[in-house]
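Q: Starting off with a structure, shown below.
Just so you know, all these numbers are worked out from the coordinates, no wet-lab data involved. On a predicted model such as this, the values are computed, not experimentally measured, just so you know. Cβ atoms come from the backbone with ideal geometry, glycine included; neighbour counts cover every protein chain shown.
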Amino acid sequence: MNVLLINGSPKKRGCTYTALSIVAEALNAEGIETEILQLPREPVSGCQACYACKGSGKARCACGDDIVNVIIEKIGNADGLVLGSPVYYASPNGQLLAILDRVFFAGSTKDIFAGKPAAAVCAARRAGTTAALEVLQKYFTISGMPIAPSTYWPMIHGMTAEEAKQDAEGVQVMHMVGETMAWMLKCFKAGRDSGIAYPYLPMEDRAKTNFIRV
């Protein structure tokens, strides 16, 4: 089993990376393989609502061949997902959100996310973490991805990686995220091996109601 962790910070070895590394260490200790993917610093366009991905029938964004399709493929091959982001104005990094909008919209074409445990972690100097976490977790809850819990909201505090490591509670929380995700992965596998299918409606069976009618 393997988990993809995405570093949504432009800083390759900052606080967000530190938080993800702690989660990864806990997963590794439970026999789960991990990969931390660093987002590019180059601008990536957001979703244009062209719906070309829906018409293609493929879990692939039609708006350019960039990091978005790389992430979609990696999530499709992974058993779990962890998103990490710094807090900018009480929200996740805008570059990360632009990417995630496209990843989850195009990826939902083939339901490659459903049933995979997920978690979001945030790093901040002081505040805005809970608001940022709420934004990230909504990608999971609309995609049928159970969220791995911890003993507190998954946040870590500091201006530098060294400061983040001194946040004893934050470090413990990140470690617990990894442990609970490993537990979920093992339980879900045991369920699948026993013939218990994940109860999730495929795209074509979902009811849609528009609020404005002519």
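Q: Note the count of lysine pairs whose C-alpha atoms are less than 18 angstrom apart in the chain, limited to pairs 8 or more residues apart or on different chains.
A: Step by step, the pairs that qualify in the chain add up to 12.
Q: Assuming a ≥ b ≥ c are the square roots of the Cα gyration tensor eigenvalues, decide whether region 83-214 counts as rounded (a/c under 1.5), prolate (otherwise, with a/b larger than b/c) or oblate. Could you put the intermediate results ahead of the total?
A: Details: a/c = 2.79, a/b = 1.35, b/c = 2.07.
Oblate, because a/c is 1.5 or more while a/b does not exceed b/c.
Q: Let me ask something additional. Just to confirm my numbers, what's the Cα centroid distance between region 53-92 and region 153-209 in Å?
A: 17
Q: Between A62 and residues 5 or more places away or on another chain, which pairs have amide H atoms under 5 Å apart, with H built 1.01 Å from N, and which residues are they?
A: C53
Q: Order the peptides 81-88, 33-40 from the highest to the lowest mean number of other Cβ atoms within 10 Å of their residues.
A: Per-residue Cβ counts within 10 Å, averaged per peptide and sorted highest first, yield 81-88, 33-40.
Q: Given the options G178, A190, P86, identify the residue whose Cα lies farthest towards the positive end of the charge dipole of region 2-205 (+1 on Cβ of Lys, Arg; -1 on Cβ of Asp, Glu).
A: Looking along the dipole axis, the top candidate is P86.
Q: Also, quick follow-up: What is the antiparallel percent of DSSP beta bridges lying wholly in region 1-87, to the nearest 5?
A: Of those bridges, close to 0 percent are antiparallel.
Q: Sticking with this structure for a sec: Ignoring everything except DSSP H segments at least 4 long, calculate the 222 nm mean residue ellipticity for the chain; use -39,500 (n - 2.57) per segment, divide by total residues, nearest 500.
A: My calculation for the chain gives -13000 deg cm²/dmol from helical runs alone.
Q: Mind checking which of P202, A132, I6 is farthest towards the positive end of the chain's charge dipole, using Cβ charges of +1 (Lys, Arg) and -1 (Asp, Glu) about the Cα centre?
A: P202
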